[in-house]
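Each reported figure results from applying straightforward, stated rules to the coordinates on display, with no laboratory input. Every value quoted in this text rests on a predicted model; they were computed, and no experiment measured them. Here the Cβ positions follow ideal geometry from the backbone for every residue, glycine too, while neighbour counts run over all protein chains shown.
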Amino acid sequence: MCGIIGILSTSPVMKKLMHSLQTLEYRGYDSAGIALFYQNAFKLFRAAGKLQNLQQKLVEEECNSGIGHTRWATHGGATEANAHPHIAGDVVVVHNGIIENFAELRNELEEIGVGFSSETDTEVICQLISFYFQQSGNKLESITKALKRFRGSFAFLVAFKDAPQQLFAVCKGSPLVFGQRTSNEKLEFFVSSDALAIAGWAQQFVYMKSGEIMQMDQLSQKIKLTNFDLEEQSVCFEENRLNAEACSKQGYPHFMLKEIFEQPRAIAQSILAASNLFQEKKKQILEFFSKPVTLIACGTSFHACMMGKYFLEKYARIKCDCELASEFLYRSPIIGGSYIFISQSGETRDTLAAFDMVKESCQSLSIVNVPTSQLARNSSLTFVTQAGYEIGVASTKAFTAQLTVLMQIISQLCNNVQISSDLSSTSFKLGEFMQFVGNSVKNISAAMAQFKSLLYLGRGCSYPVALEGALKMKELCYIHAEGYAAGELKHGPIALIDETMPVLVFVSEQTLEKVLNNVQEVAARNGKLIIICSVSCKEKFDNVFQPISLSSSQKVNEVLQKIQFIEHPDASEAGEVLYQSVIQQLIAYYTAVELGVDVDQPRNLAKCVTVE
């Protein structure tokens with residue numbers, strides 16, 4: 001969940017390292033650091049907190065090689081002492097991932113007199129390589145000998161004091177991409193957790209595989225790719241086609257708001273891409289869905305799985321199960337079954353671990369936003385969502401793109417052209433709708449920021465939306481929020497409802513009658529109701545309730561005195577899902593803005609969860 005960067009250049013690298021770390025900060029922002037390589041010396045800069053704290057410590061250095069790191073704390077608190085890079089003797093390391101047996105190795109090293117200055121598992125990597133290097137003087141042998149002792153999933157970069165022009169990159173289960181370019185007739189080398197961090201410089205990329213070591217030497221202008229047994233591997237470059245400008249907010253105050261407003265394009269392009277791939281791989285896809293189906297994911301992607309289950313069973317009449325990847329690990333897979341794995345990054349550690357359990361005996365289909373990810377490369381079938389880079393930690397456009405791909409697959413599976421048509425129609429209307437609904441959402445969000453707990457309710461296709469809305473409120477606003485199936489209200493959660501409890505109810509046309517009963521139950525107990533529904537549903541509610549109208553001049557403390565409505569255009573279930581998903585995102589976004597918290601980088605979170 002950390003971000004690492006290494007550069008061997010023909011010109012000073014400090015600004016490049018910092019620029020790359022800014023791109024990687026979505027992977028962790030508890031602390032950051034860089035190390036510059038000089039002959040027989042490292043110069044270290046580290047700081048706790050966000051990257052701006054490190055920036056304040058830097059002084060310009062004329063150094064052409066170095067490494068950097070932005071951290072999401074796993075072992076040890078977010079302190080400067082625990083920040084990377086770590087140095088031991090002649091060795092410096094930055095690391096992403098987990099060394100599962102670090103405590104055992106640390107005890108072993110301490111028993112022979114090795115001292116530690118941090119609480120991290122990373123320092124164990126550094127100290128063990130340093131220990132072996134003192135014995136043999138052989139860099140590569142020291143690294144491979146240490147690798148045999150490590151358990152876990154990780155990637156790290158390691159350099160040695162006597163060779164500032166050399167860098168070693170090690171990949172075992174965590175993402176790592178190598179890039180190079182020619183500058184002034186000399187090769188420059190780059191390596192990072194994310195290709196976008198080096199997209200502004202690298203002309204060519206190689207996405208490293210688990211179990212590989214890349215050796216870079218800027219002096220000799222050579223690279224060498226081997227496996228952990230030091231058997232040389234072929235290097236297959238692909239051209240850099242990434243847009244480094246994707247990291248720009250393009251005039252929006254936050255990446256999240258920009259990404260919310262990019263959803264119409266992401267949905268439209270995802271429909272087209274999924275439709276084309278289905279036609280291309282139709283025979284294989286039909287075979288895949290002829291067997292029992294299980295959808296597996298974590299977090300927001302799991303809510304997409306739940307939606308997929310709903311539509312698969314209702315429209316395609318295909319029985320399927322949904323599993324949290326972290327819990328699936330404790331069960332046995334169905335041999336010969338079909339498994340759908342959903343992950344925005346394609347590198348989610350728990351999802352990859354679940355994938356590893358079934359890849360040999362079952363068919364796999366992945367839905368990812370990163371076509372070069374491990375999950376995409378290794379699945380039998382891969383549908384790539386067309387969301388583009390998503391920088392905000394809380395997922396928005398990647399989520400609706402996942403929903404779109406799932407519903408488009410189902411539309412073609414059961415020859416239901418109406419689902420596909422409704423997806424397309426909604427994507428065209430969504431941009432105008434988001435502009436229209438803004439003031440209503442802002443007023444309600446300003447009021448909700450005053451509360452400590454919220455309930456989200458939904459039935460049918462609106463239930464996963466309610467769960468996702470509650471998750472967004474927790475992630476972004478640090479407000480306790482729970483999502484429930486509306487039918488479960490009277491089975492416990494109703495005890496929480498009083499005048500201090502806002503209840504957001506997501507209503508679909510097909511569940512209106514049942515949800516109306518739930519709404520009356522909440523109103524009878526003075527709960528503060530916010531109802532998200534279509535224009536037609538709203539008209540039916542009017543026969544029972546008399547809501548007040550919203551205006552920008554209304555005082556915030558009056559907004560939730562009565563039942564409030566956020567309306568969206570009439571649509572089929574597929575369209576309702578997209579409208580309601582966008583509404584819950586906007587509610588969380590504007591509530592976070594009202595609270596003054598960091599919208600794009602919420603506390604304790606990271607975009608790409610590469611540890612279990």
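What would the Debye formula give as log10 I(q)/I(0) at q = 0.09, 0.12, 0.14, 0.16 Å⁻¹ for the alpha-carbon point model of the stretch 434-606, no solvent? Taking Cα atoms of the stretch 434-606 as identical point scatterers yields -0.26, -0.48, -0.66, -0.89. Whole-Hz Karplus values for the stretch 494-509 come out as 4, 5, 7, 7, 8, 5, 9, 10, x, 10, 9, 10, 9, 10, 9, 4 Hz, taken residue by residue from phi with 6.51 cos²θ - 1.76 cosθ + 1.60 and θ = phi - 60°; glycine and proline positions read x. Residues whose amide H lies under 5 Å from that of S183, counting only those 5 or more places away or on a different chain, are E188; hydrogens are built 1.01 Å from N in the peptide plane.
Net charge near P333: determine it from the other residues with C-beta under 14 Å of the C-beta of P333, scoring Lys and Arg +1 and Asp and Glu -1. That sum, taken over residues with Cβ under 14 Å, equals -2. Taking every C-alpha pair closer than 8 Å and separated by at least 6 residues, the mean separation divided by the residue count of the chain gives a relative contact order of 12 percent.
Rounded to the nearest 500, the 222 nm mean residue ellipticity of the chain from helices alone is -11500 deg cm²/dmol, with -39,500 (n - 2.57) taken per DSSP H run of at least 4 residues.
Less than 5 angstrom separates the built amide H of N101 from those of R151, all sequence-distant by 5 or more or on a different chain.
Report the Rg/Rh value for the stretch 1-137, based on alpha-carbon coordinates and the Kirkwood definition of Rh.
Here Rg/Rh amounts to 0.97.
Rounded to the nearest Hz, the phi-derived 3J(HN,Hα) couplings of the stretch 296-310 under the Karplus curve 6.51 cos²θ - 1.76 cosθ + 1.60 (θ = phi - 60°) are 9, 5, 10, x, 4, 5, 5, 5, 5, 4, 4, 5, x, 4, 4, where x marks glycine and proline. 3J(HN,Hα) couplings calculated from phi for the stretch 371-385 with the Karplus curve 6.51 cos²θ - 1.76 cosθ + 1.60 (θ = phi - 60°) are, in sequence order, x, 9, 6, 4, 5, 5, 5, 9, 7, 5, 9, 9, 9, 9, 5 Hz; Gly and Pro show x.
Summary of the geometry: the stretch 36-71 and the stretch 244-314, compared by the centres of their Cα atoms, lie 38 Å apart. Counting only lysines at least 8 places from K145 when in the same chain, those with an alpha carbon closer than 25 Å to its own are K161, K172, K209, K222, K224. Label positions at E61 and K161, each projected 7 Å from the Cα along the C-beta direction, are separated by 1.4 nm. Considering all projection directions equally, how large on average is the shadow of the alpha-carbon convex hull of the chain, in square nanometres? Answer in nm², one decimal: 28.4.
Using Cα pairs closer than 8 Å and at least 6 residues apart in sequence, work out the relative contact order for the stretch 434-606, in percent. Walk me through the numbers on the way to the answer.
Numbers: 299 pairs, mean separation 53.1, N = 173.
The value is 31 percent.
Expressed in nm to one decimal, what extension gain is obtained for the pair S117 and E232 from 0.36 nm per residue of sequence separation less their Cα-Cα distance?
Using 0.36 nm per residue and subtracting the Cα-Cα distance, I get 37.8 nm.
What is the Cα radius of gyration of the stretch 3-242 over 2.2 N^0.38 Å, N being its residue count? Scaled against compact globular proteins, the figure is 0.92.
Taking every DSSP bridge with both residues inside the chain, close to 60 percent are antiparallel. Quick one: if the Förster radius is 51 Å, what FRET efficiency do T500 and Q52 give, using the C-beta to C-beta distance and rounding to 0.05? E between T500 and Q52, to the nearest 0.05, is 0.85.
Note down, for the stretch 256-415, the three equivalent ellipsoid semi-axes (square root of 5 times each alpha carbon gyration tensor eigenvalue), biggest first, whole angstrom.
The answer is 22, 18, 14 Å, longest axis first.
When the alpha carbon coordinates of the stretch 458-516 are projected onto the principal axes, the ranges are 32, 23, 17 Å, largest first. Would you please give the FRET efficiency between S248 and Q520, computed as 1/(1 + (r/R0)^6) with r the Cβ-Cβ distance and R0 = 60 Å, to the nearest 0.05? For S248 and Q520, the calculated efficiency is 0.80. Straight-line cross-link reach from K528 at under 23 Å between alpha-carbon atoms covers these lysines, not counting any fewer than eight positions away in the same chain: K442, K452, K472, K474, K490, K514, K538, K540, K555, K562.
Based on the reciprocal of the average 1/r between different C-alpha atoms, the Kirkwood radius for the stretch 227-283 equals 15.6 Å. Decide, for the stretch 390-512, between rounded, prolate and oblate: order the square roots of the alpha carbon gyration tensor eigenvalues as a ≥ b ≥ c, take rounded if a/c falls under 1.5, and otherwise choose prolate if a/b is larger than b/c, else oblate. In terms of gyration-tensor shape, prolate.
Projecting label points 7 angstrom from Cα along Cα→Cβ for L272 and E360 puts them 4.2 nm apart. In this structure, the amide hydrogen of Q386, modeled 1.01 Å from its nitrogen in the peptide plane, lies closer than 5 angstrom to those of S270, counting only residues at least 5 positions away or on a different chain.
Pulled fully out, how much extra length does the chain show between S220 and T372, if you take 0.36 nm times their separation in residues and subtract their Cα-Cα distance?
51.8 nm is the gain from fully extending S220 to T372.
Would the stretch 285-373 count as rounded, prolate or oblate if I go by the C-alpha gyration tensor, calling it rounded below 1.5 in a/c and otherwise prolate when a/b exceeds b/c, oblate otherwise? It comes out rounded by the Cα gyration axes.
Taking each residue as 0.36 nm, the span from L381 to K148 lengthens on full extension beyond its C-alpha to C-alpha distance by 80.6 nm. Here the relative contact order of the stretch 85-219, from alpha carbon pairs under 8 Å that lie six or more residues apart, stands at 23 percent. Only lysine pairs 8 or more places apart or on separate chains count here, and in the stretch 256-415 those with Cα atoms under 23 Å apart total 23.
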